[in-house]
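Student: Please see the structure below; I have some questions.
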There are 2 protein chains.
Amino acid sequence: MDDSDIRILSTGTALPGSPVDNAALADRFGMDELWQQWIDVFVGTRSRHLSVDLATGEVTTTLADLAERAARRALAGAGLGPTDIDGMVMGTATPDTLMPATVNVVADRLGINDIPTYQLQSGCAGAVQAIDVARRLLLTGGHRRILVIAGDSCAKHFDLKADLRTMPPAELVNVVVFGDGAGAAVLSADPAPGSVVIRKVITRFTGLGRPPGQVVEWFGRAENTNDRAAVAEDYKAIELAVPEMAREILDELLGSLGWAESEIDYVLPPQLSGRMTKRITERLALPVAEEVSCVDTTGNCGNGLVFLQLERSLDRFERGDKGIAIAVESSKWIKAGFALERL
Amino acid sequence: MDDSDIRILSTGTALPGSPVDNAALADRFGMDELWQQWIDVFVGTRSRHLSVDLATGEVTTTLADLAERAARRALAGAGLGPTDIDGMVMGTATPDTLMPATVNVVADRLGINDIPTYQLQSGCAGAVQAIDVARRLLLTGGHRRILVIAGDSCAKHFDLKADLRTMPPAELVNVVVFGDGAGAAVLSADPAPGSVVIRKVITRFTGLGRPPGQVVEWFGRAENTNDRAAVAEDYKAIELAVPEMAREILDELLGSLGWAESEIDYVLPPQLSGRMTKRITERLALPVAEEVSCVDTTGNCGNGLVFLQLERSLDRFERGDKGIAIAVESSKWIKAGFALERL
């Protein structure tokens with residue numbers, strides 16, 4: 001146990017509606033069986049949850065809805081009420097509005113008041129950044145329990161009028177890769193016997209001189225949403241760089257804690273898509289670690305993923321078990337991760 | 001001097017183009033002399049800088065452009081290069097894109113790499129939140145100099161096709177109140193004799209049960225930018241609440257440091273508009289404090305304002321002088337501020 005250790009008191013997650021499988025997507029967009037097979041083989045994502053009703057196009061769920069649900073579950077899991085929380089940190093790439101920040105809408109709904117709130121604008125590394133800021137709030141004193149939330153919704157960009165048959169593959173893949181979801185956790189610096197502890201957090205911008213691997217735009221009132229693509233990826237660059245970056249952050253975490261690869265019991269890898277996650281865990285090559293993944297059924301729900309993985313793994317940690325969680329943001333190449341241990 | 005004190009090594013700011021006065025706005029939008037007088041009396045903002053060319057509608061400057069310029073000036077002011085910075089924190093309500101976060105684009109342009117970067121999504125309180133996160137990075141060790149940036153650009157929402165004559169006043173006022181700009185500072189926990197020190201930072205969400213005073217939307221590819229208003233304010237609620245909230249944060253800062261009102265030499269008040277700032281400083285009623293304001297000539301450039309005020313005041317602090325900076329975000333009612341002292 002170290003002075004800079006932070007306890008995870010609880011987690012909670014939320015996904016909108018029922019899972020939407022590839023057949024349902026194909027049916028909605030008028031695509032054929034071959035297309036479904038293409039997704040299975042080259043993307044490896046079988047289903048996802050969407051904040052949009054595929055039949056009507058209506059937005060059924062906001063990011064605040066998802067974040068609120070996840071946060072309520074985390075609070076209930078820790079047996080805490082709104083006045084027990086003395087800080088909130090949220091990470092997302094897709095806030096419901098530019099102002100107010102979604103974290104403040106969620107605070108209001110939860111009955112939380114009079115505390116500092118922060119919302120980090122970030123891609124998939126935002127969950128780790130949020131955990132990092134929460135950790136620093138706890139370590140600098142004056143705060144005992146921080147509610148961390150992370151999640152994303154692609155509802156505003158999910159265009160049901162799109163013609164998938166004329167869409168270039170690099171754009172088309174976005175329709176199947178992403179899903180919506182959010183997660184939350186209550187973190188504390190106080191002793192909490194038996195809880196899983198965050199031993200170390202690293203987040204590192206490495207985008208110097210590198211073009212972005214992913215760009216997600218927003219449009220203002222003075223613009224036309226048809227003027228430019230909203231989402232652009234360089235999947236070749238991503239496929240090349242992400243496994244390597246994941247390996248680097250693993251090495252840095254292990255090195256800083258003096259942990260051996262053979263000591264790692266659980267690995268929570270980056271979750272761009274089912275296929276990509278496989279490539280990454282191969283590159284990590286941890287000899288005995290059990291992989292905790294969910295992207296094949298949840299889709300890539302951005303900042304929500306780390307918490308979906310945490311929720312699926314924390315109960316499995318036995319006393320002394322160690323874990324590594326890694327997130328990579330390909331927008332401007334941020335590598336991030338943290339080390340877990342049940343003490 | 002206290003262990004939790006943070007030094008401001010330097011500041012830098014950037015405003016796009018030449019000042020645009022009310023006559024130029026009136027001319028561009030076909031408004032008359034009476035309208036100009038109305039702005040002078042009821043808004044009190046005489047000019048602003050815009051990232052949009054009024055003649056052509058072309059966006060001349062991005063937020064990254066402004067942030068980069070401000071950051072370069074701050075780095076030069078501290079005599080530091082890119083490798084001297086080991087963390088970046090930015091605050092904005094109007095990032096250029098959702099991904100990458102603008103802070104990472106700026107890091108790349110400045111030649112900064114391999115460090116943690118954070119971008120806070122926030123209205124006018126974002127500059128204080130960014131200073132707060134930077135302070136906690138410095139206090140938790142491992143970081144010696146943090147580059148803090150804050151700014152906003154309304155370019156994407158600045159609609160030159162708008163007909164001001166048919167626009168309701170609550171919407172029209174946005175055209176004259178806001179301006180674009182950014183600021184930066186280098187903060188350090190190391191001793192820096194003669195520098196102005198940040199003694200205390202407070203940021204506090206107080207939006208429980210209160211409707212937002214300001215909403216700023218973004219539009220996705222699947223939407224139509226004409227479907228809803230992009231910016232909405234409840235100016236009556238803002239006029240009523242902001243002076244009171246500013247007073248509360250002043251009291252909390254003074255109380256926590258044991259400072260008397262009569263000790264405050266400089267006050268950097270919230271800067272919604274020229275007229276509003278006057279109401280706020282009257283409510284603060286600091287007996288000898290000199291007011292440091294700029295909104296009447298810069299417009300409300302959101303998160304940039306606090307740094308514009310810092311740049312205009314730091315050199316004026318004599319040894320032992322004390323100052324209070326206050327920012328209020330009316331979107332979901334965040335009050336924030338910090339205390340300054342030259343030791």
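Student: Residue by residue through region A:174-193, note down the ones that are touching a helix residue (DSSP H, G or I) at 6+ places or on another chain (Cβ under 7 Å) and either without any contact (Cβ under 8 Å) to a residue 12 or more places away in the chain or open to solvent by 10 Å² or more (accessible area, probe 1.4 Å) (or both).
Tutor: A:Val175, A:Ala189
Student: Counting only residues that are of a type in the set (Val, Ile, Thr) and at the interface with chain B (Cβ under 10 Å from one of its Cβ atoms), which one in region A:222-239 is least open to solvent (accessible area, probe 1.4 Å)?
Tutor: If we take residues in region A:222-239 being of a type in the set (Val, Ile, Thr) and at the interface with chain B (Cβ under 10 Å from one of its Cβ atoms), then A:Thr225 is least open to solvent (accessible area, probe 1.4 Å).
Student: Only one of (1) closer than 29 Å to B:Gly111 by Cα; (2) in contact (Cβ under 8 Å) with a residue 24 or more places away in the chain; (3) surrounded by fewer than 18 Cβ atoms within 10 Å (Cβ to Cβ) fails for A:Gly207. Which number is that?
Tutor: Failing condition for A:Gly207: (3).
Student: Find the residue count for region A:210-221, including only residues that are open to solvent by 30 Å² or more (accessible area, probe 1.4 Å) and facing chain B (nearest Cβ under 8 Å).
Tutor: The qualifying residues number 5.
Student: Also: Examine region A:121-137 for a residue that is open to solvent by less than 20 Å² (accessible area, probe 1.4 Å), over 25 Å from A:Leu250 (Cβ atoms) and under 14 Å from the mean Cα position of the chain (by Cα), and state whether such a residue exists.
Tutor: yes
Student: Within region B:326-343, work out how many residues are among the basic types (Lys, Arg), in a strand (DSSP E or B) and under 30 Å from A:Ala101 (Cα atoms).
Tutor: 1
Student: Still on this structure, please answer the following. Of everything in region A:155-173, what is open to solvent by less than 30 Å² (accessible area, probe 1.4 Å) and either of a type in the set (Gly, Ala, Ser) or within 23 Å of the chain's Cα centre (by Cα) (or both)? Give them in sequence order.
Tutor: Once the filter is applied, which keeps residues that are open to solvent by less than 30 Å² (accessible area, probe 1.4 Å) and either of a type in the set (Gly, Ala, Ser) or within 23 Å of the chain's Cα centre (by Cα) (or both), region A:155-173 yields A:Ala155, A:Phe158, A:Ala162, A:Leu172, A:Val173.
Student: Please go through region A:285-343 and give me each residue that is among the aromatic types (Phe, Trp, Tyr), in contact with a Gly (Cβ under 7 Å, 6 or more places away or on another chain) and surrounded by 24 or more Cβ atoms within 10 Å (Cβ to Cβ), ordered by number.
Tutor: Residues satisfying the conditions are A:Phe307, A:Trp333.
Student: Also, quick follow-up: Restricting region A:7-28 to residues that are assigned to a helix (DSSP H, G or I) and of a type in the set (D, E, K, R), which is least open to solvent (accessible area, probe 1.4 Å)?
Tutor: A:Arg28
Student: So which residues in region B:298-325 are in a loop (DSSP other than H, G, I, E, B) and closer than 18 Å to B:Ser47 by Cα, if there are any at all?
Tutor: Scanning region B:298-325 gives B:Gly299, B:Cys301.
Student: A further question on this structure: Given the conditions (1) in contact with a Phe, Trp or Tyr (Cβ under 7 Å, 6 or more places away or on another chain); (2) not in a helix (DSSP H, G or I), which single one is not true for B:Thr45?
Tutor: Of (1) in contact with a Phe, Trp or Tyr (Cβ under 7 Å, 6 or more places away or on another chain); (2) not in a helix (DSSP H, G or I), only one is false for B:Thr45: (1).
Student: Can you say whether A:Val148 is more than 10 Å from chain B (Cβ to nearest Cβ) and either touching a strand residue (DSSP E or B) at 6+ places or on another chain (Cβ under 7 Å) or of a type in the set (A, V, I, L, M, F, W, C) (or both), as far as the supplied structure shows?
Tutor: yes
Student: If you don't mind, there's one more thing I want to ask. Quickly run through region A:155-172 and pick out the residues that are part of a loop (DSSP other than H, G, I, E, B) and at the interface with chain B (Cβ under 8 Å from one of its Cβ atoms).
Tutor: Within region A:155-172, A:Phe158, A:Asp159, A:Leu160, A:Lys161 qualify.
Student: For A:His143, state whether it is more than 23 Å from B:Thr102 (Cα to Cα) and either open to solvent by 10 Å² or more (accessible area, probe 1.4 Å) or modelled with pLDDT under 95 (or both).
Tutor: Against the criterion (more than 23 Å from B:Thr102 (Cα to Cα) and either open to solvent by 10 Å² or more (accessible area, probe 1.4 Å) or modelled with pLDDT under 95 (or both)), A:His143 qualifies.
Student: Yes or no: A:Asp53 among the acidic types (Asp, Glu), at pLDDT 90 or above, crowded, with 16+ Cβ neighbours inside 10 Å and under 25 Å from the mean Cα position of the chain (by Cα)?
Tutor: Judged against the criteria, A:Asp53 is not a match.
Student: Of the residues B:Thr94, B:Thr102, B:Thr61, B:Thr117, which is surrounded by fewer than 24 Cβ atoms within 10 Å (Cβ to Cβ) and of a type in the set (S, T, N, Q)?
Tutor: B:Thr61
Student: Follow-up. Report yes if A:Ala107 is touching a residue at least 24 places away in the same chain (Cβ under 8 Å) and either crowded, with 23+ Cβ neighbours inside 10 Å or more than 8 Å from chain B (Cβ to nearest Cβ) (or both), otherwise no.
Tutor: no
The values are calculated or read from the model by the stated rules, or taken from the named source; none is laboratory data. Fair warning: this is a prediction, and the values are worked out from it, not measured in the lab. Neighbour counts run over all protein chains shown; Cβ positions are idealised from the backbone, glycine included. The area values use the complete protein model at the heavy-atom level, side chains included, leaving out ligands, DNA and RNA. Shrake-Rupley method; radii C 1.70, N 1.55, O 1.52, S 1.80 Å.
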